[in-house]
1. Just to confirm my filter: which helices (runs of 4 or more DSSP H) fall fully inside the stretch 41-144 and include at least 2 residues that are among the aliphatic types (A, V, I, L, M) and modelled with pLDDT under 90?
2. Could you say which residue among GLU304, GLU292 is surrounded by fewer than 13 Cβ atoms within 10 Å (Cβ to Cβ), over 26 Å from TYR273 (Cβ atoms) and touching a residue at least 12 places away in the same chain (Cβ under 8 Å)?
3. Under 9 Å between Cβ atoms, at least 6 apart or on separate chains: pull out the pairs that start in the stretch 213-224 with a residue that is farther than 15 Å from ILE177 by Cβ and aromatic (Phe, Trp, Tyr) and end on any residue that is open to solvent by less than 10 Å² (accessible area, probe 1.4 Å) and modelled with pLDDT of 95 or more.
4. What residue, among those in the stretch 85-111 that are touching a helix residue (DSSP H, G or I) at 6+ places or on another chain (Cβ under 7 Å) and over 24 Å from LEU256 (Cβ atoms), is most open to solvent (accessible area, probe 1.4 Å)?
5. Which residues, taken from the stretch 195-211, are out of contact with any helix residue (DSSP H, G or I) (no Cβ under 7 Å at 6 or more places or on another chain) and buried (at least 24 other Cβ atoms within 10 Å of the Cβ)?
6. Kindly check whether there is at least one residue in the stretch 351-360 that is in contact with a strand residue (DSSP E or B) (Cβ under 8 Å, 6 or more places away or on another chain) and surrounded by fewer than 16 Cβ atoms within 10 Å (Cβ to Cβ).
7. Does GLU338 satisfy the condition of being within 30 Å of THR75 (Cα to Cα), without any contact (Cβ under 8 Å) to a residue 40 or more places away in the chain and in a helix (DSSP H, G or I)?
8. So which residues in the stretch 168-194 are open to solvent by 10 Å² or more (accessible area, probe 1.4 Å) and out of contact with any helix residue (DSSP H, G or I) (no Cβ under 8 Å at 6 or more places or on another chain), if there are any at all?
Amino acid sequence: MNPLAVELNTVLDGSITGRLLSPLGHRLFFPRGIIAQSNEAKQLAPAKNATIGMAFHNGQPLILSAISDSMPTLTAKEAVTYAPTAGVEDVRRAWKDSMAKKNPSMKPDEVTLPAAVPGITAGISYVADLFLDKTSTIIASDPCWDNYSLIFMERRGAKIRGVPFFGTGPGLDLAAIGAAIREEAKTGSVRIIFNFPNNPAGYSPTKTEADALVNIIRETAQGGADVLVICDDAYFGLFYEDDISRESLFGRLASLHEKVLAVKIDGPTKEDYVWGLRVAFITFGSPGLKKEHQEALDKKLMGEIRSSVSCANTPAQYLILKVLSDPRTGGEKQAYYELLRDRYRAVRAFIAGNPAHPKLSPMPFNSGYFMSFRCNGIDAEVLRKKLLADHGIGAIALGPGILRVAFAALEKEQVPEIYRIIYDTAEKL
């Protein structure tokens, strides 16, 4: 094993992170090579820095006119330079500040500076590399986003313990979630991913449910098990009912117990309507992590980034910085939120006016981009193909039993007609 990895492992030994690291996580380190040496040169030799593979003229990086004309608000530095491995520091700090404003329960001093990664998918994959292998089991909702199986099972060889987060009631099946966590705790460690608002169900915990989930994790840690909680907050903020908890679970979990390691994976992709920019952030928190533990974990993550994509997209990061500082952003985001909320309400109204469909049962939903139907006595894939071929309506079949509909992609005026066709087509199958 590389001596730098051994050095980081020694620092992390005995901490919650050290106990949860996968074999790959143990092997990861950030090399003291080109990037590290370049960082030193930026500080100590800014005028004569011959360390990095970039071309400059008069102190500015060279840039083609086609690029500069296409990004008129970005400087050459913002548009074409390499970003630091963990991201542009001003962007990372601005994102952390925004997290603190959106999550008052979060204690900023107790969580790491968010690291920039090329999208939430990459963030989940990096965390899986750090903490999962073929001996690991991770709890996830069933159904869940289909990419989880590719990341956790196919790439890392881990097992997914699918738990029906939504039973027959109106919200979360807390009994099922708690039972699965307690069963995994018997092995000495628990790994679980919470995705709220949920994809595909479109559900976020109520304030009471959020309290219950935090209590389950607390009791598990107090019982002696190490707990890794990954918060996939891709759709954070799109909450359409008053009783929903407005904060990510990460804020409370990050300071809950020294045997709990909380990870927040979020970004502007959906929050700020920039799906193609491919930038997201990973933040760690645990009262069991001292400053030296945080720094060692950051370097592990930087090794993961460096060995895969080198760094996240530079112009995307600077564009997000502009979004966070632009006074127009708040009002525009509120307008977009209201647009999506109105579409949600149109779906709610249709379902309320058409109860007890014989073959489609809506799963609980109150937030996000989607809602899903359980298919009773019909195959979701057959229904999907029928809707597409006969009516030009696109939906997603998740296995034979779930049909997901992205109401966020529909105009409010389209909702009644499209849902009527879905209901009628399903009833005829």
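1. Helices (runs of 4 or more DSSP H) meeting the threshold: 65-70, 76-80.
2. On the way: GLU304 fails: surrounded by fewer than 13 Cβ atoms within 10 Å (Cβ to Cβ).
After applying the criteria, what remains is GLU292.
3. Hits for this filter: zero, empty list.
4. Residue satisfying both the conditions and the ranking: ASP90.
5. Residues of the stretch 195-211 that are out of contact with any helix residue (DSSP H, G or I) (no Cβ under 7 Å at 6 or more places or on another chain), as a first pass: 195-204, 206-208, 210-211.
Within the stretch 195-211, ASN195, PHE196, PRO197, ASN198, ASN199, PRO200, ALA201, GLY202, TYR203, SER204 meet the criteria.
6. The initial filter retains those residues of the stretch 351-360 that are in contact with a strand residue (DSSP E or B) (Cβ under 8 Å, 6 or more places away or on another chain), namely 351, 359-360.
Cutting the leftovers down to surrounded by fewer than 16 Cβ atoms within 10 Å (Cβ to Cβ) gives us none.
No, the conditions are met nowhere in the stretch 351-360.
7. Working: within 30 Å of THR75 (Cα to Cα): no; without any contact (Cβ under 8 Å) to a residue 40 or more places away in the chain: yes; in a helix (DSSP H, G or I): yes.
Spelling it out, it is not the case that GLU338 is within 30 Å of THR75 (Cα to Cα), without any contact (Cβ under 8 Å) to a residue 40 or more places away in the chain and in a helix (DSSP H, G or I).
8. Selection gives THR168, GLY169, PRO170, ASP173, ALA175, ALA176, ALA179, GLU183, GLU184, LYS186, THR187, GLY188.
The values are calculated or read from the model by the stated rules, or taken from the named source; none is laboratory data. No experiment lies behind these values; they were computed from the predicted model shown. Every residue, glycine as well, gets a Cβ built from its backbone with ideal geometry; the counts of neighbours run over all protein chains shown. For accessibility, only protein heavy atoms count, side chains too; no ligands or nucleic acids. Shrake-Rupley method; radii C 1.70, N 1.55, O 1.52, S 1.80 Å.
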